[in-house]
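Following: one structure in structure tokens, then a few remarks.
The values are calculated or read from the model by the stated rules, or taken from the named source; none is laboratory data. In this text the structure is predicted, and so the values were computed from the model without any measurement. With ideal geometry, Cβ positions are generated from the backbone for all residues, glycine too; neighbour counts draw on all protein chains shown.
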Amino acid sequence: MEIELVRTTSSVGESCLHLQLTPAYRRDIFRNEEVKNLTKVYFMEKAKKLNICITAMDVGPDHFHAFITDWKKYSVEKLANELKGFTSYMMRKHHKQLFIDKLWGKKFWSEGYFYRTVGIVTREAVEFYIKHSQKKHWQAVDYYYYKDKQQKLLATFN
């Protein structure tokens, strides 16, 4: 995965973010392929409006992962709230019948979210993490897979 440095009139850099969202009550609403696909579509639609780039995205039965780049105009909180708010509104307004048995009221997402800002990583590392992180978080992911996947050092850019 090649992520280019973002250049503005006063800065050069990168802003990469791993964001994980969880449906309300940690329900497994994403077992339904239509719910999964529609949520991805609305997520991408809002990302385009915010002028951010979704580099990778995948869904487990009860959580949603996105690798986001070029998001420096927003705080993590603002970005998460914008993405959650839009997808929640659109899913509840247009597709509530797909998950009414699992979610109720005005909730689609849980209140919180997980985030981690990250540096340049290889495409293989991101794909491996998203593929293998569908298990419960306390189950170990093979650390040795990542051991040889070195991030670029700051000196690389000099």
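If you go through region 99-111 one residue at a time, how many are over 23 Å from LEU50 (Cα atoms) and buried (at least 17 other Cβ atoms within 10 Å of the Cβ)?
2
When you scan region 24-46, do you find a residue that is in contact with a Phe, Trp or Tyr (Cβ under 9 Å, 6 or more places away or on another chain), among the hydrophobic types (A, V, I, L, M, F, W, C) and more than 14 Å from SER88 (Cα to Cα), even just one?
Within region 24-46, none of the residues are in contact with a Phe, Trp or Tyr (Cβ under 9 Å, 6 or more places away or on another chain), among the hydrophobic types (A, V, I, L, M, F, W, C) and more than 14 Å from SER88 (Cα to Cα).
For region 31-73, give me the residue count where each residue is modelled with pLDDT of 95 or more and hydroxyl-bearing (Ser, Thr, Tyr).
Total meeting the criteria: 2.
Filter region 104-137 down to the residues that are touching a strand residue (DSSP E or B) at 6+ places or on another chain (Cβ under 7 Å), within 23 Å of GLU45 (Cβ to Cβ) and modelled with pLDDT of 85 or more and list them by number.
Result: PHE108, TRP109, SER110, TYR113, PHE114, TYR115.
State which residue is surrounded by the fewest Cβ atoms within 10 Å (Cβ to Cβ) when the search covers only region 25-81 and only residues that are among the β-branched types (Val, Ile, Thr) and assigned to a helix (DSSP H, G or I).
So the residue we want is VAL41.
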